[in-house]
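Chemist: Supplied in structure tokens, the structure appears directly below.
The values are calculated or read from the model by the stated rules, or taken from the named source; none is laboratory data. Computed from a predicted model, the values in this text were never measured in an experiment. Note that we place each Cβ from the backbone using ideal geometry, even for glycine, and neighbour counts take in every protein chain shown.
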């Protein structure tokens, strides 16, 4: 049994978890909001340590990371559970499941690193469900991966306390943060969380110099208004106008009965964001122009993407081969 980090005994056998901003008070034999951190007779235990629901070798663009080793493959892993409860969750079958509700296989940190190397991937991505609630496992696996020269990627909702995040940052190479909306009331109503902790996470990642990309799942009528997009774009711009921002098309899922986000909405939002930001993309929709990378200085095509077919046609390492501008991109 692996003991969790970041918790205290409260009274008797009740414990309090400090991994994420919920600070769950957990009675004996019960779990926190995430469903996976369980009080076993007064000790907090991460039930999903080394227990995996999903494994695949994915294009790195699928994370999505468009400016991190474009065209590479990455060994991708996930488990179950999440510390948010987004009613529109696209991966709800694992994110909103407990360890007893989903088939899991045992994969030790050593086995994960071995398989990532055997597949000749650039590294390991912790993804599919929320990786930060898998903290002990991802920490141990990331340490081993780094020693073997593998890159470590997190695809996360960013809902974590500062100290656990601070310990993971030195083991991280890239993160994609799912920023639902720049609206705390949206987070409280639709995600069962708060905005500020996510903002704090993104800021810490950026200040640490870790490669950062941001994804916003567009939900028609909920977070796609020109005012909502302006608020989001303005915040990203003030942090760093060259952070890649991905707008992902939503489809009906979990408790959300909205129709798929209309292509016209995707296009409108993409055009609006491009007025201020250097790199804006569309996802979950066929849009080659809106998934390719163009130089923010001369406008020439740098990386052409059609689906997951990727060609670095205009790059010379991390510079535009046409005008010489350095591009915010990690390459081999």
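Chemist: For segment 149-165, indicate whether the set of residues that are in contact with a strand residue (DSSP E or B) (Cβ under 8 Å, 6 or more places away or on another chain), surrounded by fewer than 21 Cβ atoms within 10 Å (Cβ to Cβ) and either at negative phi or at pLDDT 95 or above (or both) is non-empty. Before you say what the answer is, go through the steps one by one.
Modeler: First, pick out the residues of segment 149-165 that are in contact with a strand residue (DSSP E or B) (Cβ under 8 Å, 6 or more places away or on another chain): 150-158.
Okay, now just the ones that are also surrounded by fewer than 21 Cβ atoms within 10 Å (Cβ to Cβ), so none.
No, the conditions are met nowhere in segment 149-165.
Chemist: For segment 265-301: of the residues being out of contact with any strand residue (DSSP E or B) (no Cβ under 7 Å at 6 or more places or on another chain) and outside any loop (DSSP other than H, G, I, E, B), which is nearest to residue 329 (Cα to Cα)? Give the derivation first.
Modeler: First, the residues of segment 265-301 that are out of contact with any strand residue (DSSP E or B) (no Cβ under 7 Å at 6 or more places or on another chain): 267-268, 271-272, 275-276, 278, 286-287, 289, 296, 299.
This time we only want the ones that are outside any loop (DSSP other than H, G, I, E, B), so: 267-268, 271-272, 289.
On the way: 267: 24, 268: 26, 271: 22, 272: 23, 289: 18 Å.
Only one residue tops the list, namely 289.
Chemist: While we're here: How many residues are buried (at least 17 other Cβ atoms within 10 Å of the Cβ), in contact (Cβ under 8 Å) with a residue 40 or more places away in the chain, out of contact with any strand residue (DSSP E or B) (no Cβ under 7 Å at 6 or more places or on another chain) and not in a helix (DSSP H, G or I) if we restrict to segment 181-216?
Modeler: Count: 4.
Chemist: Okay, moving on. Yes or no: residue 67 surrounded by 15 or more Cβ atoms within 10 Å (Cβ to Cβ), touching a residue at least 60 places away in the same chain (Cβ under 8 Å) and under 24 Å from residue 167 (Cβ atoms)? Even if it seems obvious, please write down each step before you answer.
Modeler: Details: surrounded by 15 or more Cβ atoms within 10 Å (Cβ to Cβ): yes; touching a residue at least 60 places away in the same chain (Cβ under 8 Å): yes; under 24 Å from residue 167 (Cβ atoms): no.
When the stated conditions are applied, residue 67 does not pass them.
Chemist: Could you tell me which residue of segment 271-294 is surrounded by the fewest Cβ atoms within 10 Å (Cβ to Cβ), considering only residues that are touching a helix residue (DSSP H, G or I) at 6+ places or on another chain (Cβ under 7 Å) and more than 30 Å from residue 94 (Cα to Cα)?
Modeler: 276
Chemist: When residues of segment 93-149 are filtered for being free of Cβ contacts under 8 Å to residues at least 24 places away in the same chain and either more than 19 Å from residue 53 (Cβ to Cβ) or outside the structural domain of residue 69 (by TED's automatic domain parsing) (or both), how many remain? Working first, answer last.
Modeler: Step one: list which residues in segment 93-149 are free of Cβ contacts under 8 Å to residues at least 24 places away in the same chain, which gives 93, 100-101, 111, 114, 118, 147, 149.
Right, trim to either more than 19 Å from residue 53 (Cβ to Cβ) or outside the structural domain of residue 69 (by TED's automatic domain parsing) (or both) and you get 114, 118, 147, 149.
Of the residues in segment 93-149, 4 are free of Cβ contacts under 8 Å to residues at least 24 places away in the same chain and either more than 19 Å from residue 53 (Cβ to Cβ) or outside the structural domain of residue 69 (by TED's automatic domain parsing) (or both).
Chemist: Taking into account only those residues within segment 85-124 that are touching a helix residue (DSSP H, G or I) at 6+ places or on another chain (Cβ under 8 Å) and under 30 Å from residue 258 (Cα atoms), which is surrounded by the most Cβ atoms within 10 Å (Cβ to Cβ)?
Modeler: For segment 85-124, the residue satisfying everything is 86.
Chemist: Going by the conditions given, is residue 82 more than 19 Å from residue 164 (Cα to Cα), surrounded by 19 or more Cβ atoms within 10 Å (Cβ to Cβ) and at pLDDT 95 or above?
Modeler: no
Chemist: Across segment 295-311, which residue is surrounded by the fewest Cβ atoms within 10 Å (Cβ to Cβ) among those that are more than 24 Å from the chain's Cα centre (by Cα) and closer than 19 Å to residue 213 by Cβ?
Modeler: 296
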